[in-house]
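The values are calculated or read from the model by the stated rules, or taken from the named source; none is laboratory data. All of these numbers come straight from a predicted model, not from anything done at the bench. All Cβ positions, even for glycine, are placed from backbone atoms using ideal geometry, and neighbour counts span all protein chains on display. Only protein heavy atoms, including side chains, enter the accessible area calculation; ligands, DNA and RNA are left aside. Shrake-Rupley method; radii C 1.70, N 1.55, O 1.52, S 1.80 Å.
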Amino acid sequence: MFKSCVAALVAVLCGVSASVMAAEGEPFVIKFAHVVADDTPKGKGALLFQKLVHERLAGKVKVEVYPNSTLVGDAEEMQALLNNEVQILAPSLSKFGKYTKKLQVFDLPFLFDDEAAVQRFQKREMSRELLRSMADSGIYGLAYWNNGLKQLSATTALRLPADAAGLAFRVQPSSVLEAQFNAVGAKPVVLPFAEVYKSLQAGVVQGAENPWSNIASQNMHKVQPFITESNHGVLNYMLVTSSEFWMSMPFAVRSELEGIILEVTQAVNREAAALNQRDRERILASGSSKLIALTPEQRQAWREKMMPVWQSYESEIGADVIRAALTVNRKR
Ligand code: SIN
């Protein structure tokens, strides 16, 4: 009785509603839901997080992992987090537009020279600040997890921007990504990740943009005969929780979890490039898709068509954020 009164008092003092608190004597349950397969950078990261929490916080915290949109899909997951139906997510950085416009910086086409530049930006002070950019909505950013750079896939060979004109491309819910495809005369179609394969198969859309690991793990290469190695944009993640849930846990538990998250983040970000390279090789070995390698001139043509998108979104994202991102590129 005394303990439950103390817990209720702590909840009130910390501004945490009783609904997010673990029942007395029960572990905190963290439902970690995501939309990709286990054998991807994010999928592996979620399982490593579960394993380390089991080893170090048994009896205090229990992690349940739900991959492949089995608990919640990408269209509903943020609301599920705010309703405390799930406690950790790692949505693609393209899926936070409802809560902050600043993270759109990661969607700007051809902004980063390569994955190493993205990694450098994620370690800069500006990116640390962006982890807190959704605080007003009760969303707490914990870390950046890498997947990789996106490739264009389609039913026809895409060498020049004009080759994409008139084709429908599946995009994540990001107006920057819509603008990017509009810039080359293509038709962007927003679809949840779980529907991409069957929409490509049914011809609802003719193309998509994904890192190698998402193409391979969803078998998209089996319905996309051409993959252009464009590396035109980034698909990385932000590991998020709700501030209310996070603050409902005792400080010592949170500190241990934050240490685990740091360790898992380092593992995910160390291994993501190798997983994408492995999946690239698997796709090419399968013979299902033909690889289109762009000449420097062809890549420059895509860049020139898509780059005006930066200007259109500068006021929403903030010129300071874009400038900070550009400083991580090596001098040309
Ligand atoms: C993911 O990697 O989480 C899916 C991204 C997408 O919707 O394309």
Completion exercise
Note on region 204-224: residues touching a Ser or Thr at 6+ places or on another chain (Cβ under 8 Å), away from the ligand (no atom under 11 Å from the Cβ) and either open to solvent by 30 Å² or more (accessible area, probe 1.4 Å) or in contact (Cβ under 8 Å) with a residue 60 or more places away in the chain (or both) are Gln206, His221, Lys222, Gln224
Fill in the blank from the handout: Scanning region 158-170 for residues that are open to solvent by less than 50 Å² (accessible area, probe 1.4 Å) and touching a residue at least 40 places away in the same chain (Cβ under 8 Å), the one nearest to the ligand (Cβ to nearest atom) turns out to be Phe169
Exercise for the section: Check whether at least one residue in region 173-189 is within 12 Å of the ligand (Cβ to nearest atom) and either crowded, with 24+ Cβ neighbours inside 10 Å or polar (S, T, N, Q) (or both), and report yes or no. Expected result: yes
Practice task
Scan region 70-102 for residues that are in contact with a helix residue (DSSP H, G or I) (Cβ under 7 Å, 6 or more places away or on another chain), in contact (Cβ under 8 Å) with a residue 60 or more places away in the chain, within 23 Å of Leu257 (Cβ to Cβ) and within 15 Å of the ligand (Cβ to nearest atom) and jot them down.
Solution key: Leu89, Ala90, Pro91, Leu93, Phe96
Exercise for the section: Answer yes if at least one residue in region 229-238 is among the acidic types (Asp, Glu), more than 17 Å from the chain's Cα centre (by Cα) and over 26 Å from Arg128 (Cβ atoms), and no otherwise. Expected result: yes
Practice task
Within region 49-63, identify whether any single residue is within 13 Å of the ligand (Cβ to nearest atom) and not β-branched (Val, Ile, Thr), and answer yes or no.
Solution key: no
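Rundown of residues vs (1) touching a strand residue (DSSP E or B) at 6+ places or on another chain (Cβ under 8 Å); (2) open to solvent by less than 20 Å² (accessible area, probe 1.4 Å); (3) modelled with pLDDT under 95, yes/no style:
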site: Lys51; (1), (2), (3): no, no, no
site: Leu57; (1), (2), (3): no, yes, no
site: Val61; (1), (2), (3): yes, yes, no
site: Asn68; (1), (2), (3): no, no, no
site: Met78; (1), (2), (3): yes, yes, no
site: Met134; (1), (2), (3): yes, yes, no
site: Tyr140; (1), (2), (3): yes, no, no
